[in-house]
Amino acid sequence: MGIATSTLNLAQSKLHVAAPYLIEQTWANYTPEQHAIWAELVSRRMPQLREHACREYLDGFHQIGLREDKLPNLSEVSALLQPRTGWQSTPVSGFLPAAAFFEMLAARMFPTTTWLRGRDSLEYTPEPDIFHDVFGHVPMHAHPVFGDFLQHYGQICAGLMHDPVALERMGRVFWFTVEFGVIRQEGRLKVYGSGLISSHGECTRVLAGGAEIRDFDVEKVMNQEFDTGAMQPVLYAVESFEQIYEATKLAESRLG
Ligand SMILES: [Fe+2]
């Protein structure tokens, strides 16, 4: 209790607009049934991901100590993640307003939901849950270049709150990298976006050729509209994570 409270207070002291959304994750309150749902979700995804996820995701999964049979304890995840890249997986109460979300990314705190979907929605939830947030997102934050990219992205967007058009254009960069990004490695298409990592149906469709894969071009990405409720007809493939970090800096200069 004392340690958890001081972690929460410390995080709150570093934030302004996001501070009211921070909570504690009471890991002991997860039920055996919830751990069993987590285990089932992981076991449904891992065979495909071992073959088709990028190597940085698979390395990160082990580096941050994720387990296949138990829900993650976020303070334990952060204790392994923070020494690598400065990132933490920080529990929040739910959906965050944009300014709070960007403030947390800029501070290398990934806003992480603590609720878990039920057995009736194993494939899809409209709102992110702990499976989408931790299994889908957080392993990539163990990679230094990806971690730097995401922090810089948050910093840029936090400075654009007065400019909804620029924010929408930057939102497309997030969507086609962090959420639905693919990368070419050793001549093959690999997935790294959380929406593909955490969704068996969408990932299977993309790997089977169900989406048009275009070369990543930040100007085109910033102009590419998307529908959050539909399968993605077009995705953008990068050649390296340095490419998205550099592209984000280029996007920043074009917005200015
Ligand atoms: Fe996400």
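The values are calculated or read from the model by the stated rules, or taken from the named source; none is laboratory data. Fair warning: this is a prediction, and the values are worked out from it, not measured in the lab. A quick note on method: Cβ atoms are made from the backbone with ideal geometry, for glycine too, and the neighbour counts reach across all protein chains shown. Side chains included, ligands, DNA and RNA excluded: accessible areas come from the protein's heavy atoms. Shrake-Rupley method; radii C 1.70, N 1.55, O 1.52, S 1.80 Å.
Being within 15 Å of the chain's Cα centre (by Cα) and more than 22 Å from LEU250 (Cα to Cα) is true for just one of PRO83, PRO144, PRO111, PRO97. Which residue is that?
PRO111
Can you tell me which residue is least open to solvent (accessible area, probe 1.4 Å) among those in region 115-145 that are in a loop (DSSP other than H, G, I, E, B) and within 19 Å of PHE61 (Cβ to Cβ)?
Out of the qualifying residues, it is ASP129.
Considering only region 1-98, give the helices (runs of 4 or more DSSP H) lying wholly within it that have at least 1 residues that are within 30 Å of MET161 (Cα to Cα).
Fully inside region 1-98 and qualifying: 2-14, 74-85.
Mind telling me which of the residues ALA53, ALA99 ends up being among the aliphatic types (A, V, I, L, M) and more than 19 Å from CYS203 (Cα to Cα)?
ALA99
Between residues in region 7-28 that are within 13 Å of MET109 (Cα to Cα) and without any contact (Cβ under 8 Å) to a residue 24 or more places away in the chain and residues that are assigned to a helix (DSSP H, G or I) and open to solvent by 70 Å² or more (accessible area, probe 1.4 Å), which pairs lie under 9 Å by C-beta distance while being six or more apart or on different chains?
Cβ pairs passing all conditions: GLN12/PRO20; ALA19/SER13.
To keep it simple, each residue is scored yes or no on (1) within 16 Å of the ligand (Cβ to nearest atom); (2) at pLDDT below 95; (3) surrounded by fewer than 22 Cβ atoms within 10 Å (Cβ to Cβ); (4) more than 16 Å from the chain's Cα centre (by Cα).
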position	(1), (2), (3), (4)
GLY181	yes, no, no, no
GLU186	no, yes, yes, yes
VAL191	yes, no, no, no
ILE197	yes, no, no, no
THR204	no, no, yes, yes
LEU207	no, no, yes, yes
GLY210	no, no, yes, yes
ILE213	no, no, yes, yes
